[in-house]
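Have a look at the structure below, then the notes.
The values are calculated or read from the model by the stated rules, or taken from the named source; none is laboratory data. Every value quoted in this text rests on a predicted model; they were computed, and no experiment measured them. Methodologically, a virtual Cβ is constructed for each residue, glycine included, from the backbone with ideal geometry; neighbour enumeration extends over all protein chains shown.
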Amino acid sequence: MSLTLNDLSPLSDIRKEGDGYLVNTLVTPHGGIYGAYLMFQQVLIAELEAPGKRVISLQTAFANGGVSGKPCQVSVETLQSGRSFSFLSITFRQGDLVVTRAEVMLTVDEPDFLTHDNAWPALEIGTDWPSIHPGIFPGAAARWPGSNPTELAATYSIAEALPDASTSRAFTALVTEPAVMAALMSFHEMPPAQAGKVAGNVLTQNVVLLRPVDLAQGVLVRSRARYAGQGRVHGEGNLEDSQGRLVGTFTTTGVLRGPRS
């Protein structure tokens, strides 16, 4: 059964606490916190801290898995706040444990001086693309039939109305996190997730959000696994809107290993 916006509403309950915030986490099968959900909250918190600006760059390190279902305390350090840009460092903790830290750049969009697009070769979205389970994304998904262990493409859309542009950006960042892992794990047999154990984890995720995305029309997520070996994986991806325009990019580095004795 697919998730709904209501299922994920606890993630948007961001409460001011002292100089920082308190956020919820959702229970997961393996007990750790989904990194994609942390990225969702990072975008929302960054735009709360820098009103009038939007996230353009999000660089996240998932230092520790944390305990899912247990709240996180969030601290924000402002490195710079100017007319056009802001730079923030956002840290999620559970007690003394640093769960994740993000370096965030926010921007105020200005009139175009130069326009340039260098997207990957166009991929025509077909009505024959088979539906897939959208996983942790609250909507619908369909996969490019030509997807393979090197390259995977899928569309994601949300029919329900989103409350604001910040939430749209947050969900766009969220959907990038598992994409490179999925390009490999979808085509290879992996040990099932269990308490405290999972075959693959994203360690760092870097996302650049270039243009707004209308998730009612859908976003095309294209990921390319560049390397897997020595227990590690690395890859990159593009985000395109329903018109085929480049709206974002991302890179992923993670751990991917078989069962341990």
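Tallying residues that are outside any strand (DSSP E or B), basic (Lys, Arg) and in contact with a strand residue (DSSP E or B) (Cβ under 8 Å, 6 or more places away or on another chain) within the stretch 207-245 yields 1. When we screen Pro145, Pro121, Pro149 for residues that are in a loop (DSSP other than H, G, I, E, B), under 23 Å from Val202 (Cβ atoms) and more than 16 Å from the chain's Cα centre (by Cα), the only hit is Pro149.
Looking only at residues in the stretch 188-205 that are touching a Leu at 6+ places or on another chain (Cβ under 9 Å) and under 19 Å from Ala61 (Cα atoms), the one that is modelled with the lowest pLDDT is Ala199.
When the stretch 246-261 is limited to residues that are in contact with a Gly (Cβ under 8 Å, 6 or more places away or on another chain) and assigned to a strand (DSSP E or B), the one that is modelled with the lowest pLDDT turns out to be Leu256.
Determine whether the stretch 83-90 contains at least one residue that is without any contact (Cβ under 8 Å) to a residue 40 or more places away in the chain, assigned to a loop (DSSP other than H, G, I, E, B) and surrounded by 15 or more Cβ atoms within 10 Å (Cβ to Cβ). Among the residues of the stretch 83-90, not one is without any contact (Cβ under 8 Å) to a residue 40 or more places away in the chain, assigned to a loop (DSSP other than H, G, I, E, B) and surrounded by 15 or more Cβ atoms within 10 Å (Cβ to Cβ), which makes the answer no. Taking the stretch 117-143 only, how many residues are free of Cβ contacts under 8 Å to residues at least 24 places away in the same chain and more than 30 Å from Ser12 (Cα to Cα)? Residues flagged as free of Cβ contacts under 8 Å to residues at least 24 places away in the same chain and more than 30 Å from Ser12 (Cα to Cα) within the stretch 117-143 amount to 6.
Can you tell me which residue in the stretch 9-39 is farthest from Glu160 (Cα to Cα), limited to those that are in contact (Cβ under 8 Å) with a residue 12 or more places away in the chain and loosely packed, with under 15 Cβ neighbours inside 10 Å?
Once the filter is applied, the top-ranked residue is Asp19.
Within the stretch 7-53, the set of residues being of a type in the set (S, T, N, Q), assigned to a loop (DSSP other than H, G, I, E, B) and modelled with pLDDT of 95 or more comprises Asn24, Thr25. Residue pairs whose Cβ atoms lie under 8 Å apart, separated by 6 or more positions or on different chains, with the first residue in the stretch 40-62 and in contact (Cβ under 8 Å) with a residue 60 or more places away in the chain and acidic (Asp, Glu) and the second part of a strand (DSSP E or B) and buried (at least 22 other Cβ atoms within 10 Å of the Cβ), are Glu47/Val55; Glu47/Leu106. State yes or no: is Ala141 modelled with pLDDT of 95 or more, among the aliphatic types (A, V, I, L, M) and closer than 18 Å to Thr253 by Cβ? No: the conditions fail for Ala141.
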